[in-house]
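Below is one structure; the comments refer to it alone.
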Amino acid sequence: MRKISKILTFALLKKATSMKINPNTKTEITFDDFKAEVLKDYKLAVTSRECSLLGRREVLTGKAKFGIFGDGKEVPQIAWAKAFENGDFRSGYYRDQTFMMAIGQLTIEQFFAGLYANTDLKEEPMSAGRQMGGHFSTHSLDENGHWKNLTQQKNSSADISPTAGQMPRLLGLAQASKIYRNVNGIDTTNFSTKGNEIAWGTIGNASTSEGVFFETINAAGVLQVPMVISIWDDEYGISVHAKHQTTKENISEILKGFQRDKKHKGYEIFRVDGWNYPELIDIYQRAAQISRKEHVPVMIHVQELTQPQGHSTSGSHERYKNQERLEWEAEYDCNVQLRKWMISNNIATDEELITIERGIKKSVREGKKAAWASFISPILSESKETISLLENLASSSPNGVFITKLKNDLVTIDEPLRRDLLSAARKALRYVVSEDSSEKIALQNWINGYLDTVQQKYSSHLHSESDLNALNQSEVLPTYDSNPKDVDGRVVLRENFDAIFNNYPEALIFGEDAGYIGDVNQGLEGLQEKYGELRVSDTGIREATIIGQGIGMAMRGLRPIAEIQYLDYVMYALQIMSDDLATLQYRTKGRQKAPLIVRTRGHRLEGIWHSGSQMGGILNLIRGIHVLVPRNMTKAAGFYNTLLESDEPALVVECLNGYRLKEKLPNNIGEFRTPIGIVETVREGDDITLVSYGSTLRLVEQAAKELQEVGIDAEIIDVQSLLPFDLNHDIVKSIAKTNRVMVIDEDIKGGASAYILNEILNTQNAFQYLDSQPKTLAAKPHRPAYGTDGDYFSKPSVEDIFEAIYSVMHELSPMDFPKLR
Ligand SMILES: Cc1ncc(C[n+]2csc(CCOP(=O)(O)OP(=O)(O)O)c2C)c(N)n1
Ligand SMILES: [Mg+2]
């Protein structure tokens, strides 16, 4: 009875809040109301379970490719959903289908549409078939890519598959509430009601072994943000038992030190059995209250959960769970326990529940059928079209029998995929390659049109397609007084950041040493004092969660600038940039965005870990994020100004050795904008085109001066923006004039220089203009050694650049340019 009275208290509260009555007002509710609420919960638990069971069958019979489901975790998710309010955010993983159903964001049909990979966003709103089922999201953006009002809906950030990858972002989603509550002047309309929103995380027990889990837990404790993390503990991570995963086999036990006490801020930690419905409801209510009101992080360790069908469709758990465990799981299955509890508390009889369960089985089957029909029917009608085109072609071609065979093969496929249609149509064209007919033209047109449409279903939205995308931002040149001041480069940056924080109340910057001392190179000097510790902040040394803070806050309408102290340490953050930030627009088909600016500094300085230029790796891994490599601080400041007007994420690499170099101070600070994807010709010449970027560019400029002295006239192009690359194809225009090209950088050979050369040769078709072999000049394959000589013998020097270019000219004209050595 104690437990029931807690539930009644909860139900009272819920009624009171949903009726917008002061929750303190006592409102009588009847046992019938209470019963109805529990029955509703049970129905949802059974519906979700039926989806899992039927989902698995859909995979085993071949209709879907892979399935990973939320069976065995239904009841805690229902308890959680009761505490989840409008404006709140989820950052979770593939077990959360019941929760998504409970907040009204996943229907039976949508569940199956996800399994079938329906590419229609209306049918499959999670990712339009881009992600495997079980990866959930809600729409933060409308069809134009503009913010919806997130305070009036229940939100889920889009899941990713890497275990614990949801954790860094969770931190930022929670921190946004803290910013909205405490920073004045931000327009909160679409994003926050006084910072009352909780960011709710979920993670599997085994995934807590990941480094980013611990990093996030620590950071949220330090930051004191409204984050509630639920650990779904079923003792396993696929086949690997907790004894191999977690010290003492118990995550909340070992995290006890995070518990807050009278002297220290920290976490509130709860432990609860996942089959205990009343207890779960009580704990989730308490967790929400603490976190929402006090902005205290909460951890809920939900133990004794099960996996009725094993981990996923790719194996059976009987292989690694013993009989005793399997029997225990059958008994402590949370749905089974809820059912028992209902009967013993006179909420329903066994017979009533059997009737309910039967009804649910039927409706899930119907939902599944409807989902399949809406998946297959457009393809069937496209298939009819293909078949008729092939029939027409066959009847008009001497090779008709072969085409008819292709057509007949297609006809025999009852449930064709688009690949089947295209494959047949494209093969058929080969039989009529030397024929002329209107039927052939019709098929060609159909293939081209179909490819255009279908390709988009898979390839759109790598970047923002809204009117705010970065490429829509036009250039504004810096302007200068007649006698401009020469200042250190870092002063240009600092003045510009000052203007940014002044102009954009929602902008904030954080990173190691970014706060109190104003970053290691003083680009933020004095700005914490001016804008406060919440907007210009120091963080712990934890690159992955610095990025996570940025992703989460950007997803809630803020404009974070996450600082990674040195380019070399982007490596710690690269996984989350690659898996989460870079894929966000793509994996939601443009329904979520995180316009995060990642600021870092790199290239030549000293030693292995302070002069990295691992651009090739970065370029390969973060497609979806713009990669900008300004040659000086004015260019860098211009990039920040452009990015803040756009809705896209970017990595800006400032030149580490450029902060003390003199630059003229523009008089339109905060306003000038460096365009993205546009190269700049910094020196004109006729003999060879030199393509470079960042710190190396200064060396190339020096070499060009020296080359001029021996009669070689080099044109220099600063790429500035590696991703996107030279959208106007200006480099090929230069090569058309010089007929020679060399790409020079300080990455290893085969890294960014190879990427650049590929763009020049394959995208810009420069080969037709070349009179000499196109060349790259890059660094040695080892890491750069320390010291001036270390640099000289590791990366291209002015002499290396000079000689490389000279030797191209020597090959061309040995008489004019005799061998140097
Ligand atoms: C980084 C990474 N490593 C490995 C995997 C493969 N994998 C997927 S789920 C999983 C087990 C996760 O177990 P747990 O966190 O306990 O969640 P559960 O599935 O038990 O709910 C593994 C190893 C992955 N997705 N990501
Ligand atoms: Mg597990």
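Provide the per-residue ³J(HN,Hα) series for the range 236-247, in order, calculated from phi with Karplus coefficients 6.51, -1.76, 1.60 and θ = phi - 60°, each as a whole number of Hz, with x at glycine and proline positions.
10, x, 6, 9, 8, 6, 3, 5, 8, 9, 9, 4
Run through the DSSP bridge list for the chain and note the antiparallel percent, rounded to the nearest 5.
Taking every DSSP beta bridge with both residues in the chain, the antiparallel ones total about 20 percent.
Ranked highest first by average number of other Cβ atoms within 10 Å, how do 93-103, 453-463, 138-148 line up?
93-103, 138-148, 453-463
Give me the extension gain from K737 to K819: residue separation times 0.36 nm, minus the current Cα-Cα distance, reported in nm with one decimal.
27.0 nm
Helix-only estimate, please: 222 nm mean residue ellipticity of the chain, summing -39500 (n - 2.57) across DSSP H runs of length 4 or more and dividing by its residues, to the nearest 500.
Here the helix-only value at 222 nm equals -14000 deg cm²/dmol.
Residue by residue, what Karplus-based ³J(HN,Hα) values in Hz, rounded to whole numbers, does the range 274-285 have, using 6.51, -1.76 and 1.60 with θ = phi - 60° and x for Gly and Pro?
Computed from phi, the couplings for the range 274-285 are x, 9, 9, 3, x, 5, 4, 4, 4, 5, 5, 5 Hz.
Find, to one decimal place in angstroms, the Kirkwood hydrodynamic radius of the range 353-450, where the mean of 1/r is taken over every pair of different Cα atoms and then inverted.
Value: 15.1 Å, from the Cα pair sum.
Could you point to the residue in G134, N149, T107 farthest towards the positive end of the range 47-156's charge dipole, with +1 and -1 charges on the Cβ of Lys/Arg and Asp/Glu respectively?
Among G134, N149, T107, the one farthest towards the positive end of the dipole of the range 47-156 is G134.
Could you run the Karplus curve 6.51 cos²θ - 1.76 cosθ + 1.60 with θ = phi - 60° over the range 79-87 and give me ³J(HN,Hα) per residue in whole Hz, x for Gly and Pro?
With the stated coefficients, the range 79-87 comes to 5, 4, 4, 5, 9, 8, 10, 4, x Hz.
May I ask for the distance between the Cα centers of the range 79-140 and the range 588-639, given as a whole number of Å?
That distance is 32 Å.
With +1 on each Lys and Arg Cβ and -1 on each Asp and Glu Cβ, how big is the dipole of the range 74-120 about its Cα centre, in debye rounded to the nearest 20?
140
If you find the alpha carbon centre of the range 494-572 and of the range 338-385, how far apart are they in angstrom?
One Cα centre to the other: 49 Å.
What's the long-distance tail for the chain, i.e. % of Cα pairs beyond 40 Å?
Details: 154986 of 336610 pairs.
Tail of P(r) above 40 Å: 46 percent of Cα pairs.
What does the charge dipole of the range 705-765 about its Cα centre add up to, to the nearest 20 debye, if the Cβ of each Lys and Arg holds +1 and the Cβ of each Asp and Glu holds -1?
260
In percent, how large is the relative contact order of the chain, given Cα pairs closer than 8 Å and 6 or more residues apart?
The normalised contact order for the chain reaches 11 percent.
Please report the relative contact order for the range 552-626, taking Cα pairs under 8 Å with a sequence separation of at least 6, and give it as a percent rounded to a whole number. Could the numbers behind the result be given before it?
On the way: 92 pairs, mean separation 30.8, N = 75.
This gives 41 percent for the range 552-626.
What is the angle, in °, between the Cα long axis of helix 438-459 and the longest principal axis of the Cα atoms in the chain? Nearest 10 is fine, range 0 to 90.
The angle comes out at about 70 degrees.
Please determine, in degrees from 0 to 90 and to the nearest 10, the orientation of helix 323-332 with respect to the longest principal axis defined by the Cα atoms of the chain, where the helix direction is its Cα long axis.
The answer is roughly 70 degrees.
Students often check this: by mean Cβ neighbours within 10 Å, which of 814-821, 399-406, 160-167 ranks highest, and how do the rest follow?
160-167, 399-406, 814-821
What is the distance in Å between the Cα centroid of the range 741-818 and that of the range 275-333?
Between the Cα centres of the range 741-818 and the range 275-333 lies a distance of 58 Å.
Helix 211-223 versus the longest principal axis of the chain: what is the Cα-based angle in degrees, 0 to 90, to the nearest 10?
Roughly 80 degrees between the two axes.
Out of residues 5 or more away from I300 or on other chains, whose amide H comes under 5 Å of its own, with H placed 1.01 Å from N in the peptide plane?
I229, S230, I231, F270
Any chance you could list P(r) for the range 221-286, counting all Cα-Cα pairs in 5 angstrom bins from zero, rounded to whole %?
Per 5 Å bin, starting at 0, the Cα pair percentages come out as 3, 13, 21, 22, 19, 15, 5, 1, 0.
Can you tell me which of 547-555, 150-158 comes out highest on packing, and rank the rest after it, using the mean Cβ neighbours within 10 Å?
Peptide ranking by packing, descending: 547-555, 150-158.
Could you work out the relative contact order of the range 614-743, using alpha carbon pairs under 8 angstrom and six or more residues apart, expressed as a whole percent?
Relative contact order comes out at 30 percent.
Readers should treat all values here as calculations from the given coordinates under stated rules, not as data from a laboratory. A quick note: this is a predicted structure, and the numbers were derived from the prediction, not measured. Using ideal geometry, Cβ is built from the backbone for each residue, glycine included, and neighbour counts are taken over all protein chains shown.
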